[in-house]
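Read the structure below first, then the notes.
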Amino acid sequence: MKIPAFSYHRPESLDEALGLLRDHGDDAKVLAGGQSLLPIMALRLGRPEHLIDIGRLPGLASITVDGRGKVIIGALVRHAAAEGSTDIAGHAPLVSEALPHVGHTAIRTRGTVCGSIAHADPAAELPAVALATDAIMVAESSDGVRHIRASDFFEGYLQTALRPDELLTEVRFPPWPDNTGAAVSEVSRRHGDFAMMGVACTISVADEITAAALSFFGADSIPIRATEAEQSLVGRQPDGDAFDDAAKIVMSTLQPGADLHASAAHRRHLAGVVTRRALAEATSRIGAMA
Amino acid sequence: MTLAGDTLTISVTVNGETTELTVETRRMLSDVIRDDLGLTGTHLGCEHGVCGACTILLDGRPARSCLMLAAQADGSEITTIEGLASTDGTMHPVQQAMHDSHGFQCAFCASGFMLTTVALLAAEPKPSRERIRRELSGNLCRCTGYQSIIDGVETAVALIDTEGSDR
């Protein structure tokens, strides 16, 4: 269907954009890449009265690495630009691992990293990556700036801690720890589709496993960490036995739902599969990064 | 600020020709390409980003014209299927290869597939069959079962290789 009518705003500065959000926040949506928002409108699942097109705002399309190795991705960094970034590959490798799974090439031309995170689809990769890496979301409004931790950011299905008057201007990924590998493993019906089950995984090894993150997407109404399984890995050797045990814990603790594409039992099974695959792949990548 | 039903004048370069257009801010780029510019080779299937029939090249990269307001395209360079063949009618190697290998049947999906292929071969002149499958995964075909399309891409690779053409 054609999208419902709305008022279109194309601010030229961040201040102007934040002013529009202050005035219209409750009835407004921010338009950046539009790869999730416009389909929602075309399906008439959403009818915002105002679209605030931030596509022309200056200074938001940069990828920067600070002196400590923190990676800062601005609101207008497209998936395609992030995918080709050696800074991200070197300093936030889990983001690089996830990007080829995000939609299709044509979607990644327009879609943005911050947009995926703000949209917070629970079956999407980048929210789970933000949660796995303890990323910080920078939310700006005409009242000021808030830094929101990933663990506090995702509140429910397509719901985040962003207030209606706030714009997600940056996502910051903390410096990549030493001896740490990253992998994203997912099962979807077609490459580029939303995952029936997937995991964004990091593992740190120094003689033994010192830390691990298992952040699932397609598993619940928000991205979710399997903390019990993560803790079970610490102190063990990074081998098939440890990964099998972690996968068993994942399968017994995750409570995935059922839909047209997969039953809950099938999703639980897939959770074990992707856990084993991602842990092995992430381990094999330690040292290959940065 | 502009309001619902309001219009915006945009400048776009379509198939090498720069045009100024006054468009309703609510309208999609795909509709403007088809209805205002008369370039009906850009097809509309699902109109919510799933089928890939409306794929165009936006500043050289494939993009869904049904998932962009025309207003968002202001200042961009767009290639549609009509922009692939030479002005003398010689088909682009990707078109020639699809023709030679009977890539399509009904061809409703053809423009999207071929523009996606052009972008793929510009980025990766000799992609593996696996890479071709992955890159074309965002385009749906309900006739062929895809084998003939992927064969067509491989034919295009060979054709461009023998022609030494970088078109």
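The values are calculated or read from the model by the stated rules, or taken from the named source; none is laboratory data. Worth saying up front: this structure is predicted, and the values here are computed from it rather than measured. Because the Cβ atoms are built from the backbone with ideal geometry, glycine has one as well, and the counts that use them run over all protein chains shown. Calculation scope for accessible area: heavy atoms of the full protein, side chains included, ligands and nucleic acids excluded. Shrake-Rupley method; radii C 1.70, N 1.55, O 1.52, S 1.80 Å.
Looking at (1) open to solvent by less than 10 Å² (accessible area, probe 1.4 Å); (2) in contact (Cβ under 8 Å) with a residue 60 or more places away in the chain, which is the only condition A:A82 fails?
(2)
Taking the stretch A:87-110 on its own, how many of its residues are within 10 Å of another protein chain (Cβ to nearest Cβ) and of a type outside the set (D, E, K, R)?
Pass one, the stretch A:87-110, residues within 10 Å of another protein chain (Cβ to nearest Cβ): A:100, A:103-110.
Then drop every residue that is not of a type outside the set (D, E, K, R), which leaves A:100, A:103-107, A:109.
Of the residues in the stretch A:87-110, 7 are within 10 Å of another protein chain (Cβ to nearest Cβ) and of a type outside the set (D, E, K, R).
The rows are residues; the columns are (1) under 21 Å from B:P125 (Cα atoms); (2) away from every other protein chain (no Cβ under 14 Å); (3) surrounded by fewer than 24 Cβ atoms within 10 Å (Cβ to Cβ); (4) not basic (K, R).
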{"residue": "B:T40", "(1), (2), (3), (4)": "no, yes, yes, yes"}
{"residue": "B:C54", "(1), (2), (3), (4)": "no, no, no, yes"}
{"residue": "B:S65", "(1), (2), (3), (4)": "no, no, no, yes"}
{"residue": "B:M68", "(1), (2), (3), (4)": "no, no, no, yes"}
{"residue": "B:T79", "(1), (2), (3), (4)": "yes, no, yes, yes"}
{"residue": "B:V94", "(1), (2), (3), (4)": "yes, yes, no, yes"}
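Is it fair to say B:R61 is surrounded by 14 or more Cβ atoms within 10 Å (Cβ to Cβ), under 12 Å from the mean Cα position of the chain (by Cα), within 10 Å of chain A (Cβ to nearest Cβ) and among the charged types (D, E, K, R)? Write out each step before concluding.
On the way: surrounded by 14 or more Cβ atoms within 10 Å (Cβ to Cβ): yes; under 12 Å from the mean Cα position of the chain (by Cα): yes; within 10 Å of chain A (Cβ to nearest Cβ): yes; among the charged types (D, E, K, R): yes.
It is true that B:R61 is surrounded by 14 or more Cβ atoms within 10 Å (Cβ to Cβ), under 12 Å from the mean Cα position of the chain (by Cα), within 10 Å of chain A (Cβ to nearest Cβ) and among the charged types (D, E, K, R).
How many residues, within the stretch A:185-217, are at positive phi and in contact with a helix residue (DSSP H, G or I) (Cβ under 7 Å, 6 or more places away or on another chain)? Even if it seems obvious, please write down each step before you answer.
So in the stretch A:185-217, the residues at positive phi come out as A:192, A:207.
Retained after the next criterion (residues that are in contact with a helix residue (DSSP H, G or I) (Cβ under 7 Å, 6 or more places away or on another chain)): A:192.
Number of matching residues: 1.
Quick one: how many residues across the stretch A:37-78 are crowded, with 22+ Cβ neighbours inside 10 Å and under 16 Å from A:L126 (Cα atoms)?
Number of matching residues: 5.
Could you grab me the full set of residues in the stretch A:162-196 that are assigned to a strand (DSSP E or B) and either under 22 Å from A:D87 (Cβ atoms) or touching a Phe, Trp or Tyr at 6+ places or on another chain (Cβ under 7 Å) (or both)? Before you say what the answer is, go through the steps one by one.
Filtering the stretch A:162-196 for residues assigned to a strand (DSSP E or B) gives A:167-173, A:180-187.
Within the stretch A:162-196, A:L168, A:T169, A:E170, A:V171, A:R172, A:F173, A:T180, A:G181, A:A182, A:A183, A:V184 qualify.
Show the residue pairs that are 6+ apart or on different chains and have beta-carbon atoms under 7 Å apart, the first residue being within the stretch B:90-103 and touching a residue at least 24 places away in the same chain (Cβ under 8 Å), the second being open to solvent by 30 Å² or more (accessible area, probe 1.4 Å) and not in a helix (DSSP H, G or I).
Pairs found: B:H92/B:A85; B:H92/B:R167; B:P93/B:R167; B:M98/B:F104.
Could you please give the count of residues in the stretch A:108-144 that are surrounded by fewer than 24 Cβ atoms within 10 Å (Cβ to Cβ) and of a type in the set (V, I, T)?
Count: 2.
Counting only residues that are under 28 Å from A:E83 (Cα atoms) and touching a residue at least 60 places away in the same chain (Cβ under 8 Å), which one in the stretch B:104-117 is surrounded by the fewest Cβ atoms within 10 Å (Cβ to Cβ)?
First, pick out the residues of the stretch B:104-117 that are under 28 Å from A:E83 (Cα atoms): B:109-117.
Those still in the list that are touching a residue at least 60 places away in the same chain (Cβ under 8 Å) too: B:109, B:111-113, B:115-116.
On the way: B:C109: 23, B:S111: 25, B:G112: 28, B:F113: 29, B:L115: 28, B:T116: 27.
The extreme case among them is B:C109.
Of all residues in the stretch A:1-36, which are assigned to a helix (DSSP H, G or I), more than 9 Å from chain B (Cβ to nearest Cβ) and of a type outside the set (G, A, S)?
If we filter the stretch A:1-36 for residues that are assigned to a helix (DSSP H, G or I), which is where we start, we get A:14-27.
With more than 9 Å from chain B (Cβ to nearest Cβ) added as a condition, the list becomes A:14-19, A:21-27.
Of everything in the stretch A:1-36, those that are assigned to a helix (DSSP H, G or I), more than 9 Å from chain B (Cβ to nearest Cβ) and of a type outside the set (G, A, S) turn out to be A:L14, A:D15, A:E16, A:L18, A:L21, A:R22, A:D23, A:H24, A:D26, A:D27.
State all residues of the stretch B:118-156 that are surrounded by 18 or more Cβ atoms within 10 Å (Cβ to Cβ) and closer than 17 Å to A:G103 by Cα; if no residue qualifies, say none.
B:A119, B:L120, B:I132, B:E135, B:L136, B:S137, B:G138, B:N139, B:L140
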